[in-house]
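Working notes, structure below.
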Amino acid sequence: MTLTEELGHWVRANCPAELVGSVFKYGGGSHQAITDPAFRAWFDACFDRGFTVPDWPKAYGGAGFDKAGVAALREAFRVNGAPVPLSGAGAEMLGPLLLEMGTDDQKIRHLPKIASGEIRWCQGDSEPGAGSDLASLQTRASAQGDHYLVNGSKIWTSNAYMSDWMFALVRTDVDVPKQEGISFVLISMDDPGLTVNQIELINGESEFCQVFFDDVKAEKRDLVGQENRGWGIAKRLLQFERSAVGEGSFIPRSSSLPEILQGYAPGDVAAGNRVLDHEMRKAAFDLTKKRAAAEQKTPGAATFATSTFKHLSTRLESDGLDITVALMGAQGTGWHGTGFSNAELATTRKMLLSKGFLIAGGSSEVQLNIIAKRVLGLLD
Ligand SMILES: Cc1cc2nc3c(=O)[nH]c(=O)nc-3n(C[C@H](O)[C@H](O)[C@H](O)COP(=O)(O)OP(=O)(O)OC[C@H]3O[C@@H](n4cnc5c(N)ncnc54)[C@H](O)[C@@H]3O)c2cc1C
């Protein structure tokens, strides 16, 4: 039996029937208990096999899979309609970073709790005065013996209100060029000096937060890499983030466009051509991703090509949802109330949310700048 067949068999045997085809999005953490018994059973079965973080070493809760193994598992989940058991900033961003750059102590204390879903992480990069120009960040961390005291504010912090820990960029030196005075620290969200305010989004949800720090403690053993060398770590982390967004893990998937066309505008030739054009772009993108994966020298490594994939995948997803809503006509304009199905209401909100992914993790314009400089070698 090949690995793909073996994994497919395992998924069919362990994924409860009522979960098949569902889109559970679980990021773990003490604030998000799993209440659905079927998903609980599925998560536990996956965790026992190391399938919540399949490419991590077994010592930290993974399955020790190589690239081919991870691809086979993803395919087994996809083909059998099984939900991905765990996603989010811990599993997809901080975990891979700590595996590469963390101390043994950091790996042992933090990684197993991500794999088991016990701890949820959020990302504290952006500030009211620092987004695309992230190196301008002002949140200060002053050294005090075995810890830092952090003061300042982070904004657009996804899911901060339901996170247990934050990985954050802080300024540890103000007397050097801005990139050279930044450090990467891990902060417990339980600190009494930390305040989290939720911000309402255009789609009606409030996963965004602003976080305020008033003498918040960050232990020095939770400094990742060296003091004042956090900028290089931030760039590496952003590659993992863009890679995860490029893989589509953070993006809500849109429904099949041909099905939407069939349901809302059958026989409309102009609409059909628009759908055809989009499906061809998507197919070409999927093939490009496969080719890039096959050509990648270091399996699983995030590279500057991740900027290309982040830009294209978010663009395609957003365009696909624009076309979907246009095909739905008046049914695509609902916000709440009767006259619209739940699926229609959800699609309109998803279309609005997809605009955020053109910005999150570095805007499309910033990705295009990186592609111009680092991939195409054009002048600044
Ligand atoms: C859905 C979502 C989730 C997010 N989650 C998090 C999170 O969890 N943690 C976190 O720290 N941050 C998060 N962010 C914030 C995100 O990283 C920033 O919004 C992003 O980096 C842009 O920064 P800004 O909003 O300050 O916009 P600005 O940097 O002010 O940019 C404004 C506009 O100018 C353009 N622009 C800026 N510089 C250039 C340039 N050099 N060349 C061309 N155009 C340029 C941008 O593309 C944009 O259109 C999230 C954002 C979104 C939308």
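FYI, it's all coordinate maths here, none of it is from the lab. Remember, it's a predicted structure, so these values are computed and weren't measured experimentally. Please note: Cβ atoms are built from the backbone with ideal geometry, for glycine as well, and neighbour counts cover all protein chains shown.
A compact table of results
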{"quantity": "Estimated vicinal HN-Hα couplings, Hz - the stretch 231-244 in sequence order (Karplus 6.51, -1.76, 1.60; Gly, Pro = x)", "calculated": "5, x, 5, 4, 5, 5, 4, 5, 5, 5, 5, 5, 5, 5"}
{"quantity": "Protection proxy ranking, peptides 26-35, 114-123, average beta carbon neighbours within 10 Å, highest first", "calculated": "114-123, 26-35"}
{"quantity": "Distance (nanometres) between label positions extended 7 Å along Cα→Cβ at Leu368 and Gln226", "calculated": "3.8 nm"}
{"quantity": "Added length on full extension, which subtracts the Cα-Cα distance from 0.36 nm per residue, Lys235 to Thr4", "calculated": "79.8 nm"}
{"quantity": "Angle between the chain longest axis and helix 3-14 axis [Cα atoms, degrees, rounded to 10]", "calculated": "90 degrees"}
{"quantity": "Positive-pole candidate from Thr288, His336, Leu358, dipole of the stretch 272-380, charges at beta carbon", "calculated": "Thr288"}
{"quantity": "Set of lysines with alpha-carbon distance to Lys113 below 29 Å, sequence-local pairs under 8 removed", "calculated": "Lys25, Lys58, Lys67, Lys154, Lys217, Lys220, Lys235, Lys310"}
{"quantity": "Separation of the Glu259 and Leu287 label points, Cα + 7 Å toward Cβ, nm", "calculated": "2.5 nm"}
{"quantity": "Prolate/oblate/rounded call for the stretch 3-86, Cα gyration tensor, a/c under 1.5 rounded", "calculated": "oblate"}
{"quantity": "Dipole magnitude of the chain about its Cα centre (Cβ charges: Lys, Arg +1; Asp, Glu -1), debye to nearest 20", "calculated": "740 debye"}
{"quantity": "Whole-angstrom gap from the stretch 130-208 to the stretch 109-124, using each part's C-alpha centre", "calculated": "17 Å"}
{"quantity": "Ordering of 166-172, 221-227 by packing [mean C-beta count within 10 Å, highest first]", "calculated": "166-172, 221-227"}
{"quantity": "The chain, helix-only ellipticity at 222 nm - DSSP H runs n ≥ 4, -39,500 (n - 2.57), divided by all residues, nearest 500", "calculated": "-13000 deg cm²/dmol"}
{"quantity": "At R0 = 30 Å, FRET efficiency that the Cβ-Cβ distance of Glu75 and Ala346 yields, to 0.05", "calculated": "0.70"}
{"quantity": "Contour excess over end-to-end distance, with Cα ends at Lys25 and Leu149 and 0.36 nm allotted per residue", "calculated": "41.2 nm"}
{"quantity": "The stretch 1-50 versus the stretch 299-377: alpha-carbon centroid distance in Å", "calculated": "27 Å"}
